[in-house]
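Everything on this sheet refers to the single structure shown next.
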Amino acid sequence: MVNWSNMDTLGAYNALTKVAKVDLTEVMSGENGAKRVKEMTVPMGAGLSYNYASKQVNEEVLDCLAKLADEAQLVDKYEALYNGEVVNTGEKRLVLHQLTRGQLGNDVMADGVNKREFYANEQARIAEFANKVHAGEITNAAGEKFTTVVQIGIGGSDLGPRAMYLALENWAKKNNAFKMEAKFISNVDPDDAAAVLNSIDVAHSLFVLVSKSGTTLETLTNESFVKDALKKAGLDASKHMIAVTSQTSPLAKSSDYLAAFFMDDYIGGRFSSTSSVGGAVLSLAFGPEVFADFLAGAAEEDVLAKNKDLLKNPAMLDALIGVYERNVLGYPCTTVLPYSQALSRFPAHLQQLDMESNGKSVNRFGEAINYKTGPVIFGEPGTNGQHSFYQLLHQGTDIVPLQFIGFRNNQLETDVDIQGSTSQQKLCANVAAQIVAFACGKKDDNANKNFAGNRPSSIIVGDKLTPKALGALLAHFENKIMFQGFVWNINSFDQEGVQLGKVLAKKVLAHETEGALKVYSDLLNI
Ligand SMILES: O=P(O)(O)OC[C@H]1O[C@](O)(CO)[C@@H](O)[C@@H]1O
């Protein structure tokens, strides 16, 4: 049995608060710095590695973190989760997204079925459907092949799948795996749907309506928007649309769709990229084999997360260093900086994944807690970010821990040598330079040009962003966020904080407003 206790009741946490702070300007300079970079690295799944040399940790801090991992029973809690304990206490649900990519423990039975079998079966159904679309066995009414897939969804039904699609688009083109172009409609802003519809040939487009609940206002509105466009083009919408939803949603039994694929209430929207939610669009765009490789990478990372040895469990290590930074060092944000254009929407996905999961002020039993929880997450690909917000990161008054991601090789393998180095080398040179600049700083008599340093970072490094590497990268962050929620004793798997705004928006649309809400409504001409 695991013991769910608040972090501030744990002896190891209290010991951690008393450890002397590590000065990166000292430990990262000279030979010692070189030794740290060589040694402070942990293998991840799919050939990636997590290097934490430039974090403010030493043996003493790591020792406290290992004790905290044990005392907070982090791996035992993970085990309870994947074996089917009701870890989502707020909604009284199991949390099973890891089972979409592998069997980690016991068979989990729920709703009268074996859940791993259910997820694998949906994946197989999607694979069969995608293969038929690619082979021209499922076509539009004129018997012509579909060339474009358009996902309609928002939040977890958009951000993860969109980020994953963009991450693999160029890789697929280079590796003969590109089957269909994918587009995404998410915002209820009519210009979003209109712009996508204007950019495609609707007669050859297959729309994937994705909503776990089947009730999300934006998604249902965009579905109507698309159906209207199909009708105006003289097309039968039901021959151009498939649904991905839960079996209990209003969409599940509708005859409006060519086919329906399922996930369930045990997979949070933001954790659904490896379920049918990501499976449909990614299998249609790149083929089921690519999606299977992506799942295999995630599964490798899930297995690593079972390791009780902190230095062999990269997600748990990353999580605990993050807790140390948030609760002991007092840093309010974390920035995600992929030096890979393919990961352009990955930070946006992590914003939801992390902040919707760990932006909580009560523990898993609904009691107020006395410590900080999830940090603010933001990010942009490098080197673009360097020319945008890095000024604040280098010299601002807040210290913002940085999560770099870098690959030795680019995806398309097209590159040029200019002034003695390729573009890829320039990209990678910038990551290395930034890590050291942030950690070590540079003294200057002119205060305006002085860099205090001591800005901690870690880097996830790989050879190339492949489907497998992407799966491992995604699962690393999912598992990190899960472990942090365990340490903070919060429920990372509900999102009550998104409800109030939705309720008030409905009142505005029904003209049931008063006071400030009424005046804002008038201001916006509703
Ligand atoms: O897939 P659905 O049910 O349409 O939900 C979309 C998104 O809305 C949210 O519930 C937040 O409003 C997210 O958690 C979810 O990813």
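The values are calculated or read from the model by the stated rules, or taken from the named source; none is laboratory data. It should be emphasised that the depicted structure is a prediction, and the values quoted were computed from it without experimental measurement. Please note: Cβ atoms are built from the backbone with ideal geometry, for glycine as well, and neighbour counts cover all protein chains shown.
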Residues (loosely packed, with under 13 Cβ neighbours inside 10 Å and either closer than 26 Å to residue 450 by Cβ or touching a Phe, Trp or Tyr at 6+ places or on another chain (Cβ under 7 Å) (or both)) located in segment 24-56: 30, 31, 32, 34
Count - residues of segment 189-228 that are surrounded by fewer than 20 Cβ atoms within 10 Å (Cβ to Cβ), within 12 Å of the ligand (Cβ to nearest atom) and aliphatic (A, V, I, L, M): 2
Filter result (surrounded by fewer than 17 Cβ atoms within 10 Å (Cβ to Cβ) and either of a type in the set (A, V, I, L, M, F, W, C) or under 24 Å from residue 54 (Cβ atoms) (or both)) within segment 9-18: 15, 17, 18
Qualifying residue in segment 428-444 (condition: without any contact (Cβ under 8 Å) to a residue 24 or more places away in the chain and assigned to a loop (DSSP other than H, G, I, E, B)): yes
Residue within segment 280-287 that is within 14 Å of the ligand (Cβ to nearest atom) and either modelled with pLDDT of 95 or more or in contact with a helix residue (DSSP H, G or I) (Cβ under 6 Å, 6 or more places away or on another chain) (or both) present: yes
Given (1) in the same structural domain as residue 85 (by TED's automatic domain parsing); (2) more than 16 Å from the ligand (Cβ to nearest atom); (3) in contact with a helix residue (DSSP H, G or I) (Cβ under 7 Å, 6 or more places away or on another chain), number of the condition residue 425 does not satisfy: (3)
Given (1) of a type in the set (A, V, I, L, M, F, W, C); (2) more than 20 Å from residue 310 (Cα to Cα); (3) crowded, with 16+ Cβ neighbours inside 10 Å, index of the condition residue 75 fails: (2)
Single residue of segment 156-180 satisfying the filter (surrounded by fewer than 22 Cβ atoms within 10 Å (Cβ to Cβ) and under 22 Å from the mean Cα position of the chain (by Cα)) that is nearest to the ligand (Cβ to nearest atom): 166
Of residues in segment 270-326 being assigned to a loop (DSSP other than H, G, I, E, B) and within 19 Å of the chain's Cα centre (by Cα), the one farthest from residue 184 (Cα to Cα): 313
